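Chemist: If you scroll down you'll find the structure; I have some questions about it.
The values are calculated or read from the model by the stated rules, or taken from the named source; none is laboratory data. Since the model is a prediction, treat every value here as computed from it, not as a measurement. All Cβ positions, even for glycine, are placed from backbone atoms using ideal geometry, and neighbour counts span all protein chains on display.
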Amino acid sequence: MSGPQDKYDALVIGAGVGGLCAAARLVHRGYRTLVVESLPYVGGRASTRDIDGFKINNGAIVVETGGVAEETFREIGAELNLRFPDAPMMMRIGDKDLDIAGGRVNAAMSVVARRGMMLLDRFGGTGAGKAKANLSTADWVARYTKNETVNGAVRNMCASIFSVGADELPAGVFLAYFARTNALAAKVGFCPEGTIGVWKSLASAIVGRGGDVWLSATVTSLRIEDGVVTGASIKKGRKTFEIGADVVVSNIGPRGTLRLVGEENATPNYRAGVRAGDRPTSMISVNFASQEDLISAPGVLSFARTQRLCYVANFTATCPEMAPPGWNLYVGASVPRPALGDFDESAEIELLHQDLREQIPGFERARIISTEVNRGDWPTQRAVAGSDAARTTPFPNLWNVGDGVKEYATGGTGACAQTSKLVVEEIESRYPASLAPHRKQMSEV
């Protein structure tokens, strides 16, 4: 890492997926960039920690390829170390595990979704702000079938993809997602270091191209002068630094961004938009290991008939490095009810355990490594799909990226990377790197 400076072209707050992808694109385009992360590691809610030799993800478990995220890695020259299961996505229907990524299920969902979109158009349109938001996915499905398997499969697709219940997800979001060609066939992979390995690679490339990445450092406030963000106060250890920046990109969510600029400095409409979009989703994950091979599916296995369990992922089938020798590592995940409000944590964990005992023979003999609960200030997504806030802010040189400002009907790491691409394109058009003024050495406060 290069020495600190008092002025940067770009300040990126947060080293999650959106922040790192934004920083990588900015550095590649010649912006002198500083990334500030309050945690001692990169990746945010797509990171990993070691527990007794097991690599345990704290949120996102797979990384999508073939889209904006992979494009970002390719641009900056970062290694994207992923391995791909032969059957990345399967669903258990009755006593059979069916490949849904490349089979008839995917094709059927695409046809049903396109027809459903046409029907919704008749009742007010399918745009993000239209009347479709009043009809939930569960209500939409119930209009056509009472079949418990179909309803259960849709419910667990909502949970797996959007981290929310089918009764909480707008039907238009669900249908728009599946109306895209081969929505379930997106190529996803596991990293042998755990998901953090992907983002460590991107952070290293950022530093290698002249950017700075500060960990265990906190942006305590943003300076506002004449309606423009001019810099930030950053606390790192016992020292406080005053940084100037031409543009600022925030990956800490719209609510966190508003806190840094001060609500009194934002417009009433913007404050209202942030509050409306602040609908964090929840998920519970049980990481478990066994010296028996408990699951034949090599990737992610979803279910059609469970109380809460939406999927189980089999990490060591493709990445044996994620566990000590002789062990198999899995995670079983559920979305509580409600996913968008308060819930009984202990009761929801027990329901997840019941499903795991029923669906995974041998689970009772497995070793529980950890139970992760994503909710509140550490959610699965900061905004349920369809209610995201705006990427822009009342300040012309300040933007949000990440899972609180996603494009309509998107989710996952790919959606976060996409927000970064859109923001950096706007920055490049309005604040070209070639116009940045000369930098001096940074002064300490």
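Chemist: How many of the residues in segment 1-55 are modelled with pLDDT of 95 or more and assigned to a strand (DSSP E or B)?
Modeler: Final tally of qualifying residues: 16.
Chemist: Give segment 392-413 a look and list any residue that's crowded, with 22+ Cβ neighbours inside 10 Å, assigned to a loop (DSSP other than H, G, I, E, B) and not β-branched (Val, Ile, Thr), or say none.
Modeler: 402, 403, 404, 406, 409, 411
Chemist: While we're here: Kindly evaluate residue 226 against the criterion of being among the acidic types (Asp, Glu) and under 30 Å from residue 339 (Cα atoms). It would help to see each step written out before you state the result.
Modeler: Numbers: among the acidic types (Asp, Glu): yes; under 30 Å from residue 339 (Cα atoms): no.
Answer is no for this residue.
Chemist: To continue, here is another question. Taking strands (runs of 3 or more DSSP E) that do not extend beyond segment 272-389, which have at least 1 residues that are more than 25 Å from the chain's Cα centre (by Cα) and surrounded by fewer than 14 Cβ atoms within 10 Å (Cβ to Cβ)?
Modeler: Numbers: elements: 283-290, 300-303, 309-314, 328-334, 367-374.
Those strands (runs of 3 or more DSSP E) span 367-374.
Chemist: Looking at the structure I just gave you, is residue 172 modelled with pLDDT of 95 or more and not aromatic (Phe, Trp, Tyr)?
Modeler: On the way: modelled with pLDDT of 95 or more: no; not aromatic (Phe, Trp, Tyr): yes.
Judged against the criteria, residue 172 is not a match.
Chemist: Does residue 211 satisfy the condition of being under 30 Å from residue 287 (Cα atoms) and buried (at least 22 other Cβ atoms within 10 Å of the Cβ)? Walk me through it before giving the result.
Modeler: On the way: under 30 Å from residue 287 (Cα atoms): no; buried (at least 22 other Cβ atoms within 10 Å of the Cβ): yes.
Criteria not met by residue 211.
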